[in-house]
Amino acid sequence: MLATRILGQVERRSFITGSSRGLVRHFATKRSYVTPPSNAVQEKPVVRTLKRWGNPRDYVELAKPELSALVITTGTWGFLLTGCVDPVAGVSTVAGLVLSAASAASWNQTSEVEYDKLMLRTRTRPLPAGRLTKQQGAAFSAITGIGGVSLLFAGANPLTGALGLANIALYGMAYTPMKRVSVYNTHVGAIVGALPVVIGWTGGGGALIAIEPAMLFSILFAWQFPHFMGIAWKYRKDYKIAGYRMVTRDDTTGSRTAMWARNGALVLMAIPFASTGLGMTSSMFIVSSLLPNSALMYSCYKFEKKPSSRNANFVILVGFVYLMAFLGLMFFHSTSEALAKHIDSARNVMRRVGRSMCVHETQMTNAKILCPAPSSDVQISKTCPIPGTKSEK
């Protein structure tokens with residue numbers, strides 16, 4: 001009897017213990033569906049936002065920062081040549097140009113996603129690689145375009161805003177589709193590339209119809225040809241695969257490409273003579289520009305003798321250095337009265353030092369003819385009047 005009683009108690013305890021363990025396992029299993037394991041990686045709100053809107057770095061790449069750098073440089077030189085010292089107008093003009101350039105670049109890439117997938121140089125960009133969608137690219141283009149034009153319109157003047165809008169439209173609606181139709185897309189692209197310096201000029205209060213903006217436009221327009229021809233030759237196989245009608249497509253020897261590059265360099269060599277003859281710069285601009293002009297012409301000559309990717313790269317590199325030096329020299333030798341008013345500016349101090357060392361000034365009788373005093377008709381006050389308003393005189 002005693003043994004039977006003890007055995008029954010042991011069985012009951014085993015049953016209760018087993019049931020408890022089963023219940024524990026049951027609830028533990030149910031809980032695992034509700035509460036994630038302690039070592040699970042939870043998605044942060046920032047990560048979810050990036051997945052929805054894209055990585056900011058991809059938008060920076062979409063805006064083509066190298067293009068923005070060029071636009072900033074040319075637009076700034078155009079603004080400085082007016083002699084304007086209004087910081088609001090200056091910042092608005094440069095920032096508006098950057099946003100407008102980003103808008104045009106993203107519009108271009110959004111329109112050419114399928115073609116960019118075919119080319120080695122573009123297939124890793126955000127849109128062809130799938131890191132951004134076409135809808136995101138279009139939205140970015142619209143936002144930057146509206147922001148850029150608004151800055152130019154409100155921060156500078158309405159004329160500058162209108163020019164910014166026109167340049168975006170010209171890039172997206174003319175240059176982009178024309179690349180698949182005609183080799184003369186380069187000429188349209190050259191207009192797009194030349195307008196930022198004019199926008200910088202009008203942003204500083206300069207008149208649109210004048211010698212200065214015409215000369216600045218001519219410089220940037222002509223410069224585009226050596227630059228574009230170098231790029232077109234370097235990536236000629238890619239352009240052909242994608243179906244773009246570049247001059248290099250049927251130019252197996254490179255002679256036509258070299259001719260277009262050389263012609264652009266020849267026009268640039270004539271600019272100092274024209275600007276001096278029109279009274280925009282002093283005669284010393286002809287002398288000081290000999291070095292950069294000779295360097296650019298030599299790079300084009302070298303490419304003409306042996307068309308190769310290496311020599312095309314050389315044309316591109318020399319072209320960038322040339323543009324900075326040439327515009328800087330034009331600024332230094334400008335005869336603008338608006339610039340001469342800032343007596344203690346670094347430019348004018350350097351000019352006075354240079355004139356004191358000039359052989360024409362110190363030794364020759366006809367010094368005033370060879371090193372003329374500022375005589376430009378440009379009239380831009382320190383307040384940078386808005387073209388077309390009553391404050392402009």
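The values are calculated or read from the model by the stated rules, or taken from the named source; none is laboratory data. If you're wondering where the values come from, they're calculated on a predicted model, not measured in any experiment. As a convention, Cβ positions derive from the backbone with ideal geometry for all residues, glycine included, and neighbour counts pool all protein chains shown. Areas reflect the complete protein model, heavy atoms only, side chains present, ligands, DNA and RNA absent. Shrake-Rupley method; radii C 1.70, N 1.55, O 1.52, S 1.80 Å.
Observations, loosely collected:
- Among residues of segment 199-211, those that are open to solvent by 10 Å² or more (accessible area, probe 1.4 Å) and within 15 Å of Thr160 (Cβ to Cβ), counted: 4
- Note on segment 213-243: residues that are among the charged types (D, E, K, R) and within 15 Å of Lys179 (Cβ to Cβ) total 3.
- Complete set of residues in segment 204-213 that are in contact with a Leu (Cβ under 9 Å, 6 or more places away or on another chain) and either within 17 Å of Thr73 (Cβ to Cβ) or in a helix (DSSP H, G or I) (or both): Gly204, Ile211, Glu212
- Residue selected from segment 201-232 under the condition in the same structural domain as Leu152 (by the TED database) and within 18 Å of the chain's Cα centre (by Cα), by the criterion nearest to Thr82 (Cα to Cα): Trp201
- Summed over segment 178-198, residues that are in a helix (DSSP H, G or I) and open to solvent by 20 Å² or more (accessible area, probe 1.4 Å) total 6.
- Here segment 226-259 is the region considered, the condition is being free of Cβ contacts under 8 Å to residues at least 40 places away in the same chain and crowded, with 18+ Cβ neighbours inside 10 Å, and the residue that is farthest from Trp77 (Cα to Cα) is Asp251.
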